[in-house]
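The values are calculated or read from the model by the stated rules, or taken from the named source; none is laboratory data. All figures in this text were calculated on a predicted structure; none of them were measured in a lab. Reconstructed Cβ throughout: ideal geometry from the backbone, glycine too, with neighbour counts over all protein chains shown.
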Amino acid sequence: MSDNNGGAIAIKGFDFQAMTVVFFAVKNINDDNFNVYIESEEDFTLNKAEDKAYVQVKSMALSVKKLTKISKKAKKSILEKNLEAGNEGEYLIYLKEMAKQDLNQMERVDDSFIKDDAYVFSDSQRLEIISQFKKDKVDKSIVERVQKSRVFVSKFLDNLNDARIYMIGLMNDNQIDITDNRANLALNELFILIHEKAEYIVKKGHERRDYEKKKLTSKDLGHIFTKTKSRDYFKDFLEDTNYSFLQKEKIKRAREVLFTEYYSARKNMDKVFSSYDLDDDCTSNELIEKMKSKLDNDESNYGDCERFVKIALIIDYISERAANL
């Protein structure tokens, strides 16, 4: 394993790189085997089942020639640095823009993590790369990995607002709930988590333990992103209660502001009820009242929540648990 601590410190505030991690996370949200190591072995490493990819992110326009140009600071080219990340898997360079004349020569292929729109070098480009590597006396094992190299050109600009708009659309395509400001709040939370994991320093002698702390799993993503079917479960569960029409309308309105006015209270529900048995043999109203009694006794976290907000919090939490079964 290479030393990643320099990269860990460099990612601070680097939104294009963080948003690229978000892109892969959303693309693979429905795969239970998916995980990503932030700044692990390379800028980040993607894993799922038997597939693995080492990803290097560059928020710049590049060409084949620039990919193989040796950096005075790193004393290696971008492509060589990517290809030396590990022994097995694919090697992906995610960049803002690729020179058109080079991109036109490349072949578009399906990718296990991106699904489509990845590119591989043409035969002539591979020969050009290998020739340059030999001139630079690049290790033979690295040269042999050129055939496993792929390029992906970003679909969003190196601009936070543009990237957010694109990502919210991608979230919607992947059945993630984007209503009531949930998308922006989820992206903000994921951004914070990505930066925390990127900045975590891997200590010598504790590599195995520390690398696990830099991993973002599908379970982590499930806690952050709410699936659209949880919204349907909320409606069905509420309909199953014996509240009056007006009471149900108040509960619906309360749900609309949970992730704006009561975000901390909603996130705290995971701590309060993570081990709570929701399969009690009781009616929906009885279950709500049992859970509500716990919130009523927690003044520090739920003292500012009136009755219908608490009920909305409970039903929303139950719906999310059901959606993630």
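Just one of the listed residues (Ser131, Ser124, Ser149) is in contact with a helix residue (DSSP H, G or I) (Cβ under 8 Å, 6 or more places away or on another chain), over 25 Å from Thr20 (Cα atoms), at pLDDT 95 or above and not acidic (Asp, Glu), and it is Ser124.
Residue by residue, here is whether (1) under 23 Å from Ala323 (Cβ atoms); (2) among the aromatic types (Phe, Trp, Tyr); (3) not assigned by TED's automatic domain parsing to the domain that holds Thr45 holds:
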site	(1), (2), (3)
Ile176	yes, no, no
Asp180	yes, no, no
Ala183	yes, no, no
His195	no, no, no
Glu207	no, no, no
Asp210	no, no, no
Ser218	yes, no, no
Phe237	yes, yes, yes
Thr241	yes, no, yes
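Would you check which residues across the stretch 78-89 are of a type in the set (A, V, I, L, M) and not in a loop (DSSP other than H, G, I, E, B) and list them?
Matches in the stretch 78-89: Ile78, Leu79, Leu83.
Within the stretch 173-207, restricting attention to residues that are over 19 Å from the mean Cα position of the chain (by Cα) and either free of Cβ contacts under 8 Å to residues at least 24 places away in the same chain or not in a loop (DSSP other than H, G, I, E, B) (or both), the residue that is farthest from Val21 (Cα to Cα) is Gly205.
Those strands (runs of 3 or more DSSP E) of the stretch 27-70 in which 2 or more residues are surrounded by fewer than 24 Cβ atoms within 10 Å (Cβ to Cβ) and out of contact with any Phe, Trp or Tyr (no Cβ under 9 Å at 6 or more places or on another chain) occupy 51-62. Taken over the stretch 90-109, residues that are over 20 Å from the mean Cα position of the chain (by Cα), surrounded by 12 or more Cβ atoms within 10 Å (Cβ to Cβ) and not in a loop (DSSP other than H, G, I, E, B) amount to 6. Lys75 satisfies every condition listed in (1) in contact (Cβ under 8 Å) with a residue 24 or more places away in the chain; (2) part of a loop (DSSP other than H, G, I, E, B) except (1).
Residues that are in contact (Cβ under 8 Å) with a residue 40 or more places away in the chain, closer than 19 Å to Val57 by Cα and loosely packed, with under 13 Cβ neighbours inside 10 Å: does the stretch 110-131 have at least one? Among the residues of the stretch 110-131, at least one is in contact (Cβ under 8 Å) with a residue 40 or more places away in the chain, closer than 19 Å to Val57 by Cα and loosely packed, with under 13 Cβ neighbours inside 10 Å, which makes the answer yes.
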